[in-house]
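Encoded as structure tokens, the structure appears first; notes follow it.
The values are calculated or read from the model by the stated rules, or taken from the named source; none is laboratory data. The shown structure was predicted, so the numbers you read here are calculated from the model rather than taken from an experiment. Ideal geometry is used to build each Cβ from the backbone, glycine not excepted, and the neighbour counts take in all protein chains shown.
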Amino acid sequence: MKQLIPSLVVLLLSVAPTSAKTVCTIVADARTGDILLEQGDCRSRVTPASTVKIALSLMGFDSGFLASDSAPVLPFKQGYADVSGDAGRNNALERAWIGSSLKIAPVEQIAFLRNLLSGNLPVAPGAIEQTLAIVEITPAGDGWMVSGKTGSAYMRRADGSFDRAKAWGWFVGWASNADRSLVFARLNQDEKRETGSAGIRTKQAFLKQWPKLAEAAR
């Protein structure tokens with residue numbers, strides 16, 4: 001019996017429900033920009049986390065620095081700048097889009113995505129095509145194919161430290177079936193400390209709900 005207890009604990013932890021609240025769900029027509037569904041607070045700005053990588057990819061392709069999804073390859077060379085961060089502060093991975101200065105609202109996410117899909121951005125058309133091609137596509141039932149990017153980041157406390165019990169989880173992108181094309185943004189926030197990526201958990205929950213959300217957005 002004692003040997004079974006650790007296994008039972010692992011099993012219970014693996015099936016325990018996560019605790020996250022949905023801050024915002026917003027869906028708009030990709031062609032007209034009309035908002036078809038808006039639930040929660042979709043107007044307040046928070047960190048974009050890794051959803052910003054759609055924009056970064058677009059800038060990289062437009063500038064010519066990125067030639068494809070696998071080039072350039074930049075092997076390490078002695079003499080490259082030190083990116084270890086501040087000594088003793090363990091902040092090497094801090095970036096403007098990770099719980100820092102850059103912020104965006106869900107409604108602004110879908111505005112950017114709509115302009116991306118329509119080609120209404122001041123970048124080369126080829127850069128848009130290359131960016132769209134590298135965004136992950138997932139079937140979501142009822143003939144829907146969903147393309148999107150996740151993002152995860154912790155809130156910061158007043159002293160600048162991360163509150164690991166309150167992680168933001170983003171999933172933003174677009175969805176298409178035979179006769180409709182929609183843009184969307186989902187923002188969740190954990191209510192207790194969880195394991196794994198908040199963004200991935202947000203994506204998984206959103207995809208399960210998508211056929212009903214799309215129907216509600218008619």
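For the stretch 154-163, indicate whether the set of residues that are surrounded by fewer than 17 Cβ atoms within 10 Å (Cβ to Cβ), touching a strand residue (DSSP E or B) at 6+ places or on another chain (Cβ under 8 Å) and either without any contact (Cβ under 8 Å) to a residue 12 or more places away in the chain or part of a loop (DSSP other than H, G, I, E, B) (or both) is non-empty.
yes
Pull up the stretch 61-73, narrow it to residues that are without any contact (Cβ under 8 Å) to a residue 12 or more places away in the chain and either part of a helix (DSSP H, G or I) or of a type in the set (Gly, Ala, Ser) (or both), then point me to the one that is nearest to residue 122 (Cα to Cα). Give the derivation first.
The first filter runs over the stretch 61-73 and keeps only residues without any contact (Cβ under 8 Å) to a residue 12 or more places away in the chain, leaving 63-65, 67, 70-73.
Right, trim to either part of a helix (DSSP H, G or I) or of a type in the set (Gly, Ala, Ser) (or both) and you get 63-64, 67, 70-71.
Numbers: 63: 12, 64: 15, 67: 19, 70: 24, 71: 23 Å.
Across the stretch 61-73, the extreme among qualifying residues is 63.
Every residue, every condition in (1) among the hydrophobic types (A, V, I, L, M, F, W, C); (2) in a helix (DSSP H, G or I), yes or no:
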| site | (1), (2) |
| --- | --- |
| 173 | no, no |
| 178 | yes, no |
| 183 | yes, no |
| 186 | no, no |
| 195 | no, no |
| 200 | yes, yes |
| 212 | no, yes |
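Any idea how many residues of the stretch 190-204 are hydroxyl-bearing (Ser, Thr, Tyr) and surrounded by 15 or more Cβ atoms within 10 Å (Cβ to Cβ)?
Number of matching residues: 2.
When the stretch 115-143 is examined, which residues are found to be part of a helix (DSSP H, G or I) and either at positive phi or touching a residue at least 60 places away in the same chain (Cβ under 8 Å) (or both)?
Within the stretch 115-143, the subset part of a helix (DSSP H, G or I) is 115-118, 125-134.
Of everything in the stretch 115-143, those that are part of a helix (DSSP H, G or I) and either at positive phi or touching a residue at least 60 places away in the same chain (Cβ under 8 Å) (or both) turn out to be 116, 117, 118, 126, 127, 128, 130, 131, 133, 134.
Quick one: residue 43 ticks every box in (1) outside any loop (DSSP other than H, G, I, E, B); (2) loosely packed, with under 13 Cβ neighbours inside 10 Å; (3) touching a residue at least 12 places away in the same chain (Cβ under 8 Å) except a single one, so which number is it?
(1)
Has the stretch 128-143 got any residue that is buried (at least 18 other Cβ atoms within 10 Å of the Cβ), more than 15 Å from residue 26 (Cβ to Cβ), out of contact with any His (no Cβ under 6 Å at 6 or more places or on another chain) and among the polar types (S, T, N, Q)?
Yes, some residue in the stretch 128-143 is buried (at least 18 other Cβ atoms within 10 Å of the Cβ), more than 15 Å from residue 26 (Cβ to Cβ), out of contact with any His (no Cβ under 6 Å at 6 or more places or on another chain) and among the polar types (S, T, N, Q).
Could you please find all residues in the stretch 175-216 being at pLDDT below 95 and within 15 Å of the chain's Cα centre (by Cα)?
Correct list: 196 only.
Under 9 Å between Cβ atoms, at least 6 apart or on separate chains: pull out the pairs that start in the stretch 190-218 with a residue that is β-branched (Val, Ile, Thr) and end on any residue that is in a loop (DSSP other than H, G, I, E, B).
195/18
Here are 149, 166: which of them is without any contact (Cβ under 8 Å) to a residue 60 or more places away in the chain, in a strand (DSSP E or B) and charged (D, E, K, R)?
166
On the given criteria, is residue 172 modelled with pLDDT of 95 or more and either loosely packed, with under 12 Cβ neighbours inside 10 Å or closer than 14 Å to residue 186 by Cα (or both)?
So residue 172 passes the test.
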